[in-house]
1. Checking residue A:238 against (1) farther than 22 Å from residue A:175 by Cα; (2) away from chain B (no Cβ under 14 Å): exactly one of these is not met. Which one?
2. Whether any residue in the stretch B:286-306 is at negative phi, more than 14 Å from every other protein chain (Cβ to nearest Cβ) and surrounded by fewer than 24 Cβ atoms within 10 Å (Cβ to Cβ) is what I want to check.
3. Here is a list of conditions, (1) within 17 Å of the chain's Cα centre (by Cα); (2) more than 13 Å from every other protein chain (Cβ to nearest Cβ), and residue B:369 meets all of them except one; can you say which number that is?
4. Going through A:245, A:206, A:176 one at a time, which residue ends up being surrounded by fewer than 24 Cβ atoms within 10 Å (Cβ to Cβ) and closer than 27 Å to residue A:123 by Cβ?
5. Could you check, for the stretch B:185-200, whether at least one of its residues is under 17 Å from residue B:351 (Cα atoms), in contact (Cβ under 8 Å) with a residue 24 or more places away in the chain, within 14 Å of another protein chain (Cβ to nearest Cβ) and surrounded by fewer than 24 Cβ atoms within 10 Å (Cβ to Cβ)?
6. Please determine whether any residue of the stretch A:624-635 is in a loop (DSSP other than H, G, I, E, B) and either in contact with a helix residue (DSSP H, G or I) (Cβ under 9 Å, 6 or more places away or on another chain) or buried (at least 17 other Cβ atoms within 10 Å of the Cβ) (or both).
7. Inspect the stretch A:881-891 for any residue being within 30 Å of residue A:49 (Cβ to Cβ), touching a strand residue (DSSP E or B) at 6+ places or on another chain (Cβ under 9 Å) and surrounded by 24 or more Cβ atoms within 10 Å (Cβ to Cβ) and give the result as yes or no.
8. Can you work out which of the residues in the stretch A:159-182 that are in contact with a helix residue (DSSP H, G or I) (Cβ under 7 Å, 6 or more places away or on another chain) and over 30 Å from residue A:272 (Cα atoms) is nearest to the other protein chains (Cβ to nearest Cβ)?
């Protein structure tokens, strides 16, 4: 069937901020859909609140709305767009933006808004979405086509839940309807647990409904990725088998493609079932993901669930097979059939086939429980991982070991002795470190049979782990000096890293252990070759260099004679190193490809746009370790053409590789690794600041507890304590006393003489500012001076910020510009630099002029995409070009002349973080120097208040427009609180306060209701929150003590979704935001329009 | 155990030997199916061939009595990247290695199978020897060159049954799980199936559709078939070149118009020859479970199982008598035909799957319908 001609405009809804369960994979799918539909000549309109995405680049769509993903804002977008096209030929594609987009589409349809603006849904009909998403409908549908499902019942109250669980017996699984990533789900082994999990699930379900289900815990779990076109052709793209059995959310499972332990009969029965499911549910076009459980004892196969949209698994399947599911899904949605779409990789064969793999793919999730002390670390039906890596090998063993080293965790289990009781517990209860414990147990002599019984992991997988261990034992028999080449070759073929071999031979990393192993390999002639992912197991020629390394005979990646740039990606998503860095890597590739370079990306994260084979000329899907990256550099250099490596776009992971790579003779382009190192080196950097007469907070570098305490006393508390070389403030604390320091140094962190600990004066009560700038070493242009809305001390990634700055005196702005110029030049920055400043409030308010430099990062920062969206200038692209020797004057001559910052036009742009609290019940939600947010949103408005309010809405923290505000502030803030409170009173809010604050407010003539502090008695704020008497909380933290009061209030607020504001600055912003919301005006802006308006103005000037 | 593969063009692959010790000879072909190695081992169409499986992990789920496509394996030798020493599946009865050893099939493992596949793709299927005994590669290359070529070789005669038998087993008895809608229909038709190397799943499917099946040797004269008073005649898959099977072509010509006829794979090629067409050898054949085939009448796509080295040249067929029904979208080879006037149709691929997708099983129903109409 040809392309539909009755549609001319298509709205794509993105998935919003990165949260657990909905990550960069939807940027990948959304970007593919935008590109595919634009290429087909459709007018593409995009709505997404996440500025860090490639899909929200102005080039991806015709009109891009970075707006809150709520019904109101979507309706306004639909209204404007429908008007523009005269209400004809307008369609909505809701299947590439995760659960968020799907839920919104249902909401818009149910509210009659789609009908009102004559918008048709493509990709999935409402009935199909409901049939797949509503568990009862789904179960009925499965039974209708004769497929087996676990016994289950939908309940909307606790009593029915208890009754049904009693009938089918414990354990039971609880799955709330319409939540993503299994939010609020759980397993209950008894009545008590059921009550707890069910109550939470009912609360989180937007329709107040949960499914109670027969437990299939311990069964084998499989997924099939299915595609269907309008002509009812159905194909299976990929089968995935979970290493972890049923009971662990598939996002938290190690998964393997293709399925390894199914016979053809069983696989085909599953395939038949999957096809029957997609037809019965009625997903007309596009991709779906269907999960199955198989009883390992008798083969009973049951359908678990279906996602009628592209998903995390489909992104994985796309990367695992080379078949771009989202791109094809978009084309199918506009009428093409599978046989009309060519397979990109083979070019000659059509997309209507089923990919076949001649390698094994392993995905391993990445968790970050270390950031959430107190969180329940056991794994269950609710997803808790923040990212994942994928590894490709010719065997499962090779892929698994590559995946483990790609995780970049830097820690090992099993060096010490583990008590049998603890070992048993770790094996039986799914846990992030279970794989390591299984490995340990094998080494301790546990048999495959024993382990299979304890873990329910398939014996075949356990056997592979055993074979890895056997290899390890074999290696240990041979000292390095006399190891036979064949043994080394076998180990490398099994995926052993040079690091692990060095460890086996007790070679220290610091004394070049890995290099010694590399040289040994070189002597033996053992080096990796690169093979292609080609969808067809080499049956047809492949035109797409999508590559993975393996130890085989034949190499398929002969380097070209073109000059090339290798861009190192950022590896698995994690808090502090997320999609923003992938965005920068993609931009580097786009820009340098345009400039005639061959661009090469190295990354191991299947969720990203950077690992789309379309993004670069060559893609190496490889771990970002010195060994793997160096091998690629060496391989590419063997072609004779010049090779430059970019390390400053992928966050800390590639930066850590900069010096080793350079030492090995690799050319790093852009800011030199030495400069990067200098900026990280406390002593040398301090000296540089002194030379430049730039103030910095006093600090010291320490390598022992004693030194740390001494330094802190000398500097004066509070101090900020952190390791050198980290990103996202991992393991960072503000210490008000020696005990905190001692505890931190003993338990929280590893350090050495190579990697000392930094102790710095913590500047309390200061405004923090982030500056992003471009530099070619001579000229410097500031991309943005971002004023944080939270005070200094809260990690910049967790702080809302605004562009342009709203209330920093021009004099201080000038100081920051001057410092930025000086530092960029002094560090010879070629590319991007990010500088964090702190302005003590005393200085900001009272005409002082002290600006402190907190840190300088001569690399791309988390805010680069946000600044690029706000200014319309692609910073990362320009930076990449500067690294190849081009000059800033080519791109931004006017800004250099005028020494002006990039222009943000007439609007305000607020970036706000999004936190994963709802995934970690019981965890303190306090913010500090350690980053905890998983994602971000941007709000655009004509006033700061409006932009802030929109950012809050987009982040899921809707500010109230009426009600009661609870205020409790520090003594320092009491000086200014009355003015803010008055504003709330003017806006019609009632006020509640604890004694101290209430005194101040009453003195100022404001009416206020008094409550007790939690410790004092009742009613206290927590009671009021639970009683829904408070709609907004302004609670500025009290310094040293982690107040019991505050923690209880914060926790209650999170549970009841009451916005909590922790600084007066933010409170002022919130008041402005509320004023904007009270007007009832819903305005939306297309990014392209904002940028164009600015260009017109520029032209006039 | 060291083992090596020598190809007729001199290319050598050294790896590890599993299964039986010894030497095997055959045309080396690759199969891209992810699942179903046991069905591949036991498919008589692989007689005379050494099979490389592109899925690198083979043997994981062991072997069992239910998944055989014949009473014994027919591949001459097996080449894989990694051979599992253990098996894990609730139906597994024997570890794959033991099974192959028992049937004296040598296995070459731990070679760069992808390099081998690319070699075969670029240079065509070629003769080769796997040996666990000989280490002199040159001697083995010489042996490889001495293997009879596939073109011009009638292997159907070699693998066919030597006496007629009646097939009793339907599909239901073999389904591992309760698959809905699969039920063996009561016997309504009698089909005589020519065994040129017939796969058991064809027989199961026919039985499942309500046919009593009498399997007869490849060279059974048409008159003997008619004497059995069947409602239809089935022409099976099988190994080797169709051209030398002149006896079969003759018999088909005599049966055409007197019986509804359905042919699969070699059976399809023989039908092509009987209709006056020509067959030719493909460069490296079609062996796998992911080939897109288009049903020309409706435009519908089926994902199909393939295993053939020869194909019918569509241009050689008389257009007045023959309607082309199916085409392969990968390379536009002919995948199915139907006689415009007589009850006769055939497909190049494998609707019985085993291994492979079930998209084309409707063809067995079509055959039954054809017999119904013919009888009615």
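1. Only one criterion is unmet by residue A:238, namely (2).
2. Looking for residues that are at negative phi, more than 14 Å from every other protein chain (Cβ to nearest Cβ) and surrounded by fewer than 24 Cβ atoms within 10 Å (Cβ to Cβ), one finds none in the stretch B:286-306, hence no.
3. The number of the failed condition is (1).
4. Result: A:206 is the single residue among A:245, A:206, A:176 that is surrounded by fewer than 24 Cβ atoms within 10 Å (Cβ to Cβ) and closer than 27 Å to residue A:123 by Cβ.
5. Checking the stretch B:185-200: at least one residue is under 17 Å from residue B:351 (Cα atoms), in contact (Cβ under 8 Å) with a residue 24 or more places away in the chain, within 14 Å of another protein chain (Cβ to nearest Cβ) and surrounded by fewer than 24 Cβ atoms within 10 Å (Cβ to Cβ).
6. yes
7. Looking for residues that are within 30 Å of residue A:49 (Cβ to Cβ), touching a strand residue (DSSP E or B) at 6+ places or on another chain (Cβ under 9 Å) and surrounded by 24 or more Cβ atoms within 10 Å (Cβ to Cβ), one finds none in the stretch A:881-891, hence no.
8. Ranking the qualifying residues of the stretch A:159-182, first place goes to A:165.
The values are calculated or read from the model by the stated rules, or taken from the named source; none is laboratory data. This structure is a prediction, so every number in the text was calculated from the model and none was measured. Glycine gets a Cβ as well: all are built from the backbone with ideal geometry, and neighbour counts include every protein chain shown.
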